[in-house]
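For reference, the structure is listed below as structure tokens.
Quick note: the coordinates plus some simple rules give every number you see, no bench work behind them. As the structure is a prediction and not an experimental result, all values here were calculated from the model. Note that each Cβ is placed from the backbone with ideal geometry, even for glycine, and that neighbours are counted across all protein chains shown.
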Amino acid sequence: MAKITRSNGHRLDSIAHIQLGVGTLERPNPDDLSFDLDAVNAAVVSLTAEIPADAMTAQTLGTERAGNGVIIDEHGLVLTIGYLVSEASAVTLKTASGGEVAGETVAYDYETGFGLIRALAPLNAAPLELGDTSTVMPGDPVVVVGHADGGGSIAAQIVAKREFAGYWEYLLDEAIFTTPPHPNWGGAALIDKDGRLIGIGSLFVQETRTADEHEPGNMFVPIDLLQPVYHDLVTLGHANRKSRPWLGMFTTESSGHLIIAGLYSNGPAEKAGLEQLDVILRVDDHPVQGLADMYRKVWDTGDAGTRVNMTVLRDGKIVEAVVETADRYTLMRVSRPH
């Protein structure tokens with residue numbers, strides 16, 4: 001399994017080159033671009049969020065989070081990666097010119113990973129045009145844009161478009177992988193050759209081209225996933241679909257085995273008696289072949305609240321557990337748009 005690190009909000013001075021332990025990262029040359037890089041930079045804001053200590057995600061993501069966001073409409077709607085703002089009680093946006101504006105959480109969609117923030121005062125920047133992920137392919141040059149305080153813009157390349165399974169019960173059928181990595185990837189904008197937004201930065205990963213080939217880079221959530229849920233997110237604060245069954249555990253792949261790496265305190269899996277280091281063998285008597293396969297088998301059992309039979313190996317013994325799954329949204333502090 002790829003080693004994964006969430007955005008650390010690390011701030012760097014705006015300099016000509018960036019050092020991240022993987023060599024020198026090059027700035028894009030504006031003369032080589034067909035779009036106005038300054039305008040794109042102006043549409044990317046920095047974002048800080050405060051989360052209550054008793055929030056469900058505080059135990060795993062912390063109570064202070066920082067990253068980037070991208071302005072996507074004329075009324076100050078900012079698209080970011082959802083883990084930065086999930087359960088946030090306060091959000092502050094900083095523009096490219098240095099002005100600070102308060103924001104409010106509009107929506108968080110766990111399935112896509114997107115989050116939306118509305119600025120409560122003008123951001124004084126034009127929104128970015130949304131692109132089409134299907135038009136970009138491995139080998140294409142791109143620009144990864146973060147706020148200037150966190151590294152600014154770097155020249156990059158798409159190296160893969162493939163399935164991604166995250167240990168926190170998250171699955172994308174086709175994520176976008178780029179290299180070299182941006183130093184402040186969370187919520188960063190992935191820009192195609194025409195200056196359009198095609199992805200939102202999610203992770204630093206050690207394997208980009210394939211799940212087994214070591215090459216550090218970033219994983220981006222494709223912008224194409226936004227359109228089907230956009231209206232729901234803006235008007236309802238969530239996608240108008242049935243919630244998937246949630247186990248409340250973190251699972252890793254190691255040497256061909258699925259191992260429970262952690263459990264949410266008092267979550268469904270812990271209540272069912274599952275334990276850290278249990279090796280997952282079957283879901284409803286069906287053998288599991290990898291993390292993505294396990295998720296799909298769990299989600300195929302029904303909507304949130306369904307009961308899932310899980311077979312695990314613990315200390316050399318077979319253990320059966322029945323997990324009464326939950327709707328994770330009911331356990332989170334979910335904001336609604338005003």
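Side notes on the structure shown:
- Placed amide H near PHE114: partners under 5 Å, 5+ positions off or other chain: GLY82, ASP109
- Percentage relative contact order, the chain, counting C-alpha pairs under 8 Å, at least six apart: 17 percent
- Taken over the alpha carbons of the chain as equal point scatterers, the Debye sum produces base-10 log I(q)/I(0) values at 0.06 Å⁻¹ of -0.21.
- Dipole axis of the chain (+1 Lys, Arg; -1 Asp, Glu on Cβ), positive-most option in GLY290, SER255, SER265: SER265
- The Cβ shell under 15 Å around THR135 holds other residues with a net charge of -4, Lys and Arg each +1, Asp and Glu each -1.
- Relative contact order for region 249-331, counting Cα pairs under 8 Å that sit 6 or more residues apart, in percent: 26 percent
- Of all the options ALA55, ALA107, ALA188, the one that moves most in a Gaussian network model of the chain with Cα springs shorter than 10 angstrom is ALA55.
- Net dipole in debye of the chain [+1 Lys, Arg Cβ; -1 Asp, Glu Cβ; about Cα centre; nearest 20]: 600 debye
- Taking a Cβ cut-off of under 13 Å around GLN276, the surrounding Lys, Arg, Asp and Glu residues balance to a net charge of -3, with basic ones at +1 and acidic ones at -1.
- Set of lysines near LYS317 by C-alpha distance (under 18 Å), chain-local residues within fewer than 8 positions excluded: none
- For region 264-338, alpha-carbon Rg over 2.2 N^0.38 Å: 1.23
- Remark: region 281-296, residue by residue, has Karplus-estimated 3J(HN,Hα) of 10, 9, 10, 6, 6, 9, x, 9, 10, x, 5, 4, 5, 4, 4, 4 Hz, where x stands for each Gly or Pro and the curve is 6.51 cos²θ - 1.76 cosθ + 1.60 at θ = phi - 60°.
- Helix 227-236 axis, angle to the chain major axis (alpha carbon atoms, nearest 10°): 90 degrees
- The chain: most fluctuating residue of VAL312, VAL106, VAL205 per GNM, C-alpha cutoff 10 Å: VAL312
- Packing-based exposure ordering (other Cβ within 10 Å, fewest first) of SER86, SER134: SER134, SER86
- Between GLU275 and ARG307, the contour length at 0.36 nm per residue exceeds the Cα-Cα span by 9.7 nm.
- As a rough footprinting exposure proxy, the listed residues LYS317, LYS242 were ranked by other beta carbons within 10 Å of their own, and the order from fewest upward is LYS317, LYS242.
- Taking ASP212, ASP293, ASP32 as the candidate residues, the one with maximal mean-square fluctuation in a Gaussian network model of the chain, Cα springs under 10 Å, is ASP32.
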